[in-house]
Amino acid sequence: MAFQRTTVPGKDLVNKRFILVDAEGKTLGRLAARVASVLRGKNKTTFMPGFDTGDNVIIINASKVRVTGKKTTDKFYDRYSGFHSGLKSIPYSEMLEKRPTKVMELAVKRMLPKGKLGNDIKNNLFVYAGSEHPHQAQKPVVIDI
């Protein structure tokens, strides 16, 4: 009886490439979910749950992303300092105005696995508010998500 072998993706099997995504006019949550899937490598045949097999993703025009419904007024980003009554809430509209890249980074980061694997995968995401990015030398592949 012959057994099938499971291949574990090493450095030689994982083929990472740079993918360019334009966020202009896209919905925040839908775009973040698809980007998180590409970062994990779920679109590849070499996907393994415990390994970083995904691609590097460059998101441009993050300041032009849109949200649906009343999220521009009702959505808040909370952070806690660790001290009593140290909870600070920032509305979505203010966050998008001051730090547009942080909105996209948080949306994608919260869809990734928690722990060391998620932290390693998060380093493969590059977000820029405008249409300029310094990754031309990596020859990114433009995809429409």
Has the range 87-106 got at least one residue that is surrounded by 15 or more Cβ atoms within 10 Å (Cβ to Cβ), touching a residue at least 60 places away in the same chain (Cβ under 8 Å) and within 30 Å of Leu13 (Cβ to Cβ)?
-> yes
Select from the range 1-46 the residues that are touching a Gly at 6+ places or on another chain (Cβ under 9 Å) and not hydrophobic (A, V, I, L, M, F, W, C) and write down the one among them that is nearest to Leu96 (Cα to Cα).
-> Ser37
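Results for (1) among the β-branched types (Val, Ile, Thr); (2) part of a loop (DSSP other than H, G, I, E, B); (3) closer than 29 Å to Gly54 by Cα; (4) over 14 Å from the mean Cα position of the chain (by Cα), shown as yes or no for each residue.
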{"site": "Phe83", "(1), (2), (3), (4)": "no, yes, no, yes"}
{"site": "Ser93", "(1), (2), (3), (4)": "no, no, no, yes"}
{"site": "Glu97", "(1), (2), (3), (4)": "no, no, no, yes"}
{"site": "Met104", "(1), (2), (3), (4)": "no, no, yes, no"}
{"site": "Met111", "(1), (2), (3), (4)": "no, yes, yes, no"}
{"site": "Lys114", "(1), (2), (3), (4)": "no, yes, yes, no"}
{"site": "Gly118", "(1), (2), (3), (4)": "no, no, yes, no"}
{"site": "Ile121", "(1), (2), (3), (4)": "yes, no, yes, no"}
{"site": "His133", "(1), (2), (3), (4)": "no, yes, yes, yes"}
So, in the range 10-52, of the ones that are in a strand (DSSP E or B) and not hydrophobic (A, V, I, L, M, F, W, C), which residue ends up nearest to Pro113 (Cα to Cα)?
-> Thr27
Identify, by number, the condition in (1) touching a Phe, Trp or Tyr at 6+ places or on another chain (Cβ under 6 Å); (2) at pLDDT 95 or above that Thr53 doesn't meet.
-> (2)
When the range 41-55 is checked residue by residue, the ones that are polar (S, T, N, Q) and surrounded by fewer than 18 Cβ atoms within 10 Å (Cβ to Cβ) are Asn43, Thr45, Thr46
Hits in the range 61-81 (condition: in contact (Cβ under 8 Å) with a residue 60 or more places away in the chain and assigned to a loop (DSSP other than H, G, I, E, B)) = Asn61
Listed by first then second residue, the pairs whose first member lies in the range 118-145 and is closer than 21 Å to Asn43 by Cα, whose partner is among the hydrophobic types (A, V, I, L, M, F, W, C) and in a loop (DSSP other than H, G, I, E, B), with beta carbons under 7 Å and at least 6 positions apart or on separate chains, are Gly118/Leu112; Ile121/Leu112; Lys122/Leu112
Among residues of the range 117-145 being within 17 Å of Ala23 (Cα to Cα) and in contact with a Lys or Arg (Cβ under 7 Å, 6 or more places away or on another chain), the residue modelled with the lowest pLDDT is Ile145
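The values are calculated or read from the model by the stated rules, or taken from the named source; none is laboratory data. Only a predicted model underlies this, so the values are computations on that prediction, with no experimental measurement involved. Glycine gets a Cβ as well: all are built from the backbone with ideal geometry, and neighbour counts include every protein chain shown.
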